[in-house]
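Comments concern the structure below.
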Amino acid sequence: MESNNSQQSLKQTFNLLKYTFVIVPIVAGADKFTNLLTHWEQYVNPSIAGLLPFSASVFMMIVGIIEIAAGIIVLKKAEIGGYIVAGWLTVVALTLLIGFNYLDVAVRDLVMAISALSMARISKIVK
């Protein structure tokens, strides 16, 4: 009986993480086009922005498309999507850390990356 309860608890935890990593990337990605939640261009490291062949605004729209795609992948294939989201969030956090800007956001993104990695690993167990 305890094993069944543990399995059910693990499944609930997995579903909570899964739907978080479906909704959050899709919402954040869509907001790259509207800037309702925040002005996303401010998070682009100026040294990176200077290397881009287009504006920071266009760059953030591309980021938005990637985030929306990642959320959809999590919905369809949680394990693969979890690794993609974890990697993506780690890259975002590292770019923020390199510029020594928005350290609070960088730490938050690293914590979210660990959560996405955990979801990917749990997905193997709860099939």
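Computed from the coordinates by the stated procedures, all read-outs in this text should not be read as laboratory data. Computed from a predicted structure; not experimentally measured. Note: ideal-geometry Cβ built from the backbone for every residue, glycine included; neighbour counts use all protein chains shown.
Taking Cα atoms only, the orientation of helix 56-76 departs from the longest principal axis of the chain by about 10 degrees. Working note: Cα gyration tensor of the range 5-127, eigenvalues times five, square-rooted, sorted largest first, giving semi-axes of 29, 15, 11 Å.
When the chain is described by a simple charge dipole with +1 on each Lys and Arg Cβ and -1 on each Asp and Glu Cβ, the residue from 35, 10, 107 located farthest towards its positive end is 10. Across the range 2-123, Cα pairs under 8 Å and at least six residues apart give a relative contact order of 29 percent.
Each residue of the range 98-104 was assigned a 3J(HN,Hα) from its phi angle through the Karplus expression (A = 6.51, B = -1.76, C = 1.60, θ = phi - 60°), giving 4, x, 6, 10, 6, 4, 4 Hz with x at Gly and Pro. Here the Karplus relation 6.51 cos²θ - 1.76 cosθ + 1.60, evaluated at θ = phi - 60°, turns the backbone of the range 108-115 into coupling constants of 4, 5, 5, 5, 5, 4, 4, 5 Hz, with x for every Gly and Pro. In terms of other Cβ atoms within 10 Å, 61, 119 run from fewest to most in the order 61, 119. For the range 18-31, the Karplus equation 6.51 cos²θ - 1.76 cosθ + 1.60, evaluated at θ = phi - 60°, returns couplings of 4, 6, 5, 7, 8, 6, 4, x, 5, 5, 5, x, 5, 5 Hz by residue, with Gly and Pro reported as x. Centre-to-centre, using Cα atoms only, the range 67-127 and the range 21-43 are separated by 15 Å. For the range 79-115, applying the loop criterion from DSSP together with a ceiling of 13 other beta carbons within 10 Å to the chymotrypsin sites (Phe, Trp or Tyr not before Pro) yields 100. Residues whose amide H falls under 5 Å from that of residue 45, counting only those 5 or more places apart or on a different chain, are absent, with hydrogens built in the peptide plane. Since only 46, 56, 85 are under comparison, the one whose Cα sits farthest along the positive direction of the charge dipole of the chain, derived from C-beta charges on Lys, Arg, Asp and Glu, is 85. Listed from fewest to most Cβ neighbours within 10 Å, the set 122, 65 follows the order 65, 122. Relative to the Cα centre, the charge distribution of the range 29-127, modelled as +1 at Lys and Arg Cβ and -1 at Asp and Glu Cβ, gives a dipole magnitude of about 480 debye. Quote the FRET efficiency, to the nearest 0.05, computed for residue 126 versus residue 27 with a Förster distance R0 of 35 Å and r equal to the Cβ-Cβ distance. Step by step, r from the Cβ atoms, then E = 0.90. Treating r as the C-beta distance of residue 100 and residue 51 and R0 as 22 Å, the FRET efficiency rounds to 0.75. Estimated from helices alone, the mean residue ellipticity of the chain at 222 nm is -27000 deg cm²/dmol (sum of -39500 (n - 2.57) over DSSP H runs with n ≥ 4, per residue).
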